[in-house]
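> Before I ask anything, let me first share the structure, which is written out below as structure tokens.
Values in this text are rule-based calculations from the coordinates and carry no lab data. Note that this is a predicted model, so its numbers are computed, not measured. Note that each Cβ is placed from the backbone with ideal geometry, even for glycine, and that neighbours are counted across all protein chains shown.
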Amino acid sequence: MGVLLESKNISKYYGGIKAVQNVDMTVGEGEIFGIIGPNGAGKTSFFNVCTGNLQPNGGEIWFDGQKITGLQPAQIARRGIARTFQNIQLFNFMTVLENVKIGFHIHEKTNIFDALIHTKRYREDERMTQERGLKLLENLGLSENADTLAGNLAYGMQRRVEIARALALEPKILLLDEPAAGMNPIETRNLSDFIKTLRDKGHTIIVIEHDMKFVMNLCDRIMVLNFGRKICEGVPEVIKSDKEVNEAYFGKSTTF
Amino acid sequence: MYFLEQLINGICQGSIYALMAIGYAVIYGVVGLVTFTYGEIIMMGSFSAFYYFIAFGNNLWMALIAGFITAALVGVVVHKVCYQRFLDAPRYISLICTIGMSMFLKNLATILFGSEMKGMPTFFGGKFISIGTIRVGYLQLIIIAVVIILTVLLTIYLKKTRMGMRLRAVSQDKKAAALVGINVKTTTLIGNCIGCGLGGVAGILLGVYYNSVLPTMGGMAGLKAFSAMVLGGLGSIVGSAISGVIIGVVENLGIALTSSGLRDVFAFVLLVLILFIRPQGLFGKKGN
Amino acid sequence: MIDRIKKLYTDNKTIFLIAGLAAMIALPFLIVKGSVMSIIVKILFYVILASSLNIINGYSGQFNIGHAGFVLIGAYTLAILANFGWPIWVLYIVAGIVTAIIGFLVALPTLRLRGIYLALVTLGFSEIMRLVALNWTALTGGPMGIKGIPSPWFFGLRSTAPHNYYYIVLFFVVICLFTSYRVINSKVGRAWMSIREDDHAAMSLGVDIRKYKSINFMFGAFWAGVGGALMAPFYKFIDSSMFTLDEGFNILSMVIIGGQGTLVGPVVGSVVVNLTTEIFRFADEARLLVYAVLIISMMWLRPQGLAGTSKSVIANRSIRKSKQVLLSKLSGKKEVK
């Protein structure tokens, strides 16, 4: 199992606040990797460093054998890292299908002149996005909503559209920022199953989550952050029995 | 020597721009919206002084007060029509409203006052002080003094009075201000009126400085105020004042080097250049 | 009612388009008066100008308020090169290309800027262009403007009369709307809209924001240039006072009144605005008051524009909510009756 994404000694400061401090992480191909930690532990900041939305104050990110620190988010996306956002960032006033079509952006070769005279390239691209877009929506159970404006969907559905959109990139690795937030238990379980099927199809996935149960059941390995530092890493059983993690999460003298 | 004189002209003109920019900064700070009606507020202030002089004689100080009040009253109308309803709406809505309002006021003024240029009375009989070979007009000194005094008064008002503190609170965070029991609606209205009033005073100074008023004078003045306010870091009073003076000086030195037709070119080239080099304006904080 | 008209249109799109085009082609045969025809030609100019601004403001969400500057470049390019004897038909396109290049140069610094700062740069650009045109007498005739701009040959005729020139403008209007439609319904258009909706999300999907913003600016500027170039031979005379900031605001108002972010919006906007101002021409100076009131009341009653949906990105939420409350109250009343 090769290493796909690696962070080396990543730090991110906001003024005097150390959001992320010297975090090392390796994620192998085909893994579901969880990042957990209390609120303000620096999970999302760390995520944003990985995707290029934030520049780290120190350290490097390596992806698929290449250094990607310093690249623009769009360049990183093109290398094969897709993500979702903590507070869903859909294109609210575009339809669900259009949202997913933008996900195919990097796979389309059309330029403005192709669009003007409808060249073969344009027609192929349109057919490809249409067919594969609908297929993706079908996989995520969103077929009926293809023509609904994304902003008008229920919360749980919006999460799914966001995942569909990210999958359209055909990423090597998928970063999900609190995908189960705001979902009911049934939706959460469905999501968990869905993520596992994604892994079985060969995707590598990193999940940030609050919901311990969700992460413990889903992830192969877990990293725990607290106050920007990594306090523990390992398979779920190790995390469960780690004293420091329990203290960080539940306060002292609580057993998990 | 010619340059030195132009520099002084620039500072004088710049201080009028500064006052306009300060007024704009107060409005932008408190209301939080861009306005294109400000130029017409300036014009209204100027016209109110013109008619004051005709009705009550040439008393500059009383006219300044009358101009302040008139402009503030027009400000109330602008507030009701263009801002109040759209405070939480997408910004372009109120912006388009102010464009409509500006068109309305400009054309109303043309119909009511006539489109031709009107002469303002001359103050201080064109007297000047000579320092060596350089001449500085009394009027210029008075204008600079008025602007400085008003700026100081405004700063004291904002820092020391209860109302001023409320204004600052609202301009920093409307929600938090509402939470601590400030009536955001009224405070916004008052802030807008003060800003408009300052614009009105600046309009009078502009009219007196150039000895003329006309309904279309507001357009360019409003743009200069807007530019200075943006360069000054969106809503910062000190920044706006300094930017206003800089624009005035650059314009007048530019004219000295080339021809007077290019006056506004210098202002706008300066504006575009500065935004190119420092996207957040001269005195704005990064990430604003 | 507007929604019903829209539905009728979408259901019978092809029929409507063909009928509309046929009516447009037949129009000069039905209208005898040259002055009426001039007004229609003017409306067509504004259809191009408003549509081109809509590409920038409505589709990629950038805020350009200095569109008159681009129109000016198009008009002056044609007028100046026509004096050197270039054929007018070629010049329409050349003017568009020159304006697109200028558009790219304006877009370069503005790629880092957003919202109010971008608006201010476009505003400054527009004024700089006007003042240069006013002062560079050797090239632009300065305050005298450029006179005697020739009209193009059209089926063996000099197309000076509005009845003839109409077809030239109509041709470009159709091309403009057609190309806009095609680009918007492609990868490029989707990228523009994604930037408008949420640029962070767009980036995370690999959309090169800078590239697509500049393409957007160039496309909009191209058509603004063509629009300006079309105006010059029709009026036979241009000067810098035709391209003031107010002119830019005028175009902007048409886009907003019609509904930005829709293809029909700018068309509706330019028809409504121009007809209103023409109908009130008898009122002389007061007609601009009417226009001003129209702008303000549109913002109060239908900020998303005549053709915009209430679901549109620009229909603001609070107004939508209050409208819903109002509607439910109204329907409640009906039930009581």
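> What is chain C's relative contact order, in percent, from Cα pairs under 8 angstrom and six or more apart in sequence?
Numbers: 481 pairs, mean separation 96.1, N = 337.
In percent, rounded to a whole number, it is 29.
> Give the list, by residue number, of cysteines in chain B with no other Cys Cβ closer than 4.7 Å, or say none.
B:Cys12, B:Cys193, B:Cys196
> Still on this structure, please answer the following. Using the Kirkwood radius over C-alpha pairs as Rh, can you work out the diffusion coefficient of chain B via Stokes-Einstein at 20 °C, viscosity 1.002 mPa s, in µm² per second?
112
> Moving on to the next point. Of C:Leu131, C:Met37, C:Gly142, which is farthest on the positive side of the dipole of chain C, counting Cα position, with +1 on Lys and Arg Cβ, -1 on Asp and Glu Cβ, and the Cα centre as origin?
It is C:Met37.
> Quote the relative contact order of the range B:2-277 in percent (integer), defining contacts as alpha-carbon pairs under 8 Å separated by 6+ residues.
43
> Assuming a ≥ b ≥ c are the square roots of the Cα gyration tensor eigenvalues, decide whether the range A:137-210 counts as rounded (a/c under 1.5), prolate (otherwise, with a/b larger than b/c) or oblate.
Verdict is oblate for the range A:137-210.
> For chain A, with a Gaussian network of springs between Cα atoms less than 10 Å apart, report the residue from A:Ile222, A:Ile88, A:Ile163 with the top mean-square fluctuation.
Residue with maximal mean-square fluctuation among A:Ile222, A:Ile88, A:Ile163: A:Ile88.
> Then there's this: Mean residue ellipticity at 222 nm from the helices of chain B, using -39,500 (n - 2.57) per DSSP H segment of n ≥ 4 over the full residue count, to the nearest 500 deg cm²/dmol?
Values: 11 runs with 208 residues, N = 288.
After summing the helix terms and dividing by the residues of chain B, the value is -24500 deg cm²/dmol.
> With +1 assigned to the C-beta of every Lys and Arg and -1 to the C-beta of every Asp and Glu, and no other charges, what is the dipole magnitude of the range C:31-336 about the Cα centre in debye, to the nearest 20?
The dipole of the range C:31-336 has a size of about 880 debye.
> Now for a separate question. Can you put C:Trp192, B:Trp61 in order of Cβ neighbours within 10 angstrom, beginning with the fewest?
Listed from fewest to most nearby Cβ atoms, that is B:Trp61, C:Trp192.
> Could you work out the mean count of beta carbons from other protein chains within 10 Å of each residue's beta carbon in B:107-116?
Going residue by residue through B:107-116 and averaging, the value is 2.
> Further question on the same structure: For the range A:1-116, what's the radius of gyration and Dmax over Cα atoms, in angstrom?
So, for the range A:1-116, Rg and Dmax equal 16.5, 52 Å respectively.
> With charges set only on the Cβ (+1 for Lys and Arg, -1 for Asp and Glu), what does the dipole of the range C:1-160 come to about its Cα centre, in debye to the nearest 20?
220
> Using Cα pairs under 8 angstrom and six or more residues apart, how large is the relative contact order of chain A, in percent?
Taking the mean separation of contacting Cα pairs over the length of chain A, I get 27 percent.
> Sort A:Asp177, A:Asp220, B:Asp88 so that the residue with the fewest other Cβ atoms within 10 Å of its own Cβ comes first and the one with the most comes last.
Numbers: A:Asp177 23, A:Asp220 15, B:Asp88 11.
Ranked by crowding around the Cβ, least crowded first: B:Asp88, A:Asp220, A:Asp177.
> Can I ask one more? Of all alpha-carbon pairs in chain C, indicate the percentage at a distance above 34 angstrom.
Here the tail beyond 34 Å accounts for 26 percent of pairs.
> What is the sum of charges, Lys and Arg at +1 and Asp and Glu at -1, for the other residues whose Cβ falls under 10 Å from the Cβ of A:Ile81?
+3
> Further question: Using Cβ counts within 10 Å as a stand-in for footprinting exposure, how do B:Cys82, A:Cys232 rank, fewest first?
A:Cys232, B:Cys82
> Using a/c under 1.5 as the rounded threshold, could you call the range C:120-187 rounded, prolate or oblate? The axes a ≥ b ≥ c are square roots of the C-alpha gyration tensor eigenvalues, and prolate needs a/b larger than b/c, oblate otherwise.
Because a/c hits 1.5 or more and a/b fails to exceed b/c, the range C:120-187 counts as oblate.
> Hey, what number do you get for chain C at 222 nm if only DSSP H runs of n ≥ 4 count, each worth -39500 (n - 2.57), divided across all residues, to the nearest 500?
On the way: 15 runs with 247 residues, N = 337.
It lands at -24500 deg cm²/dmol.
> Mind computing the radius of gyration and Dmax over the alpha-carbon atoms of the range B:206-288? Å is fine for both.
Final numbers for Rg and Dmax: 13.5, 43 Å.
> Debye sum, Cα scatterers, chain A, no solvent: what log₁₀ I/I(0) at q = 0.10, 0.12, 0.15 1/Å?
Each listed q corresponds, in turn, to -0.51, -0.73, -1.10.
> Ignoring everything except DSSP H segments at least 4 long, calculate the 222 nm mean residue ellipticity for chain A; use -39,500 (n - 2.57) per segment, divide by total residues, nearest 500.
Only helices count here, giving -11500 deg cm²/dmol.
> Let me ask something else. Across 20 Å bins from 0, what is the distribution of all Cα-Cα pair distances for the protein assembly as shown, in whole percents?
That works out to 13, 40, 34, 12, 1, in percent per bin.
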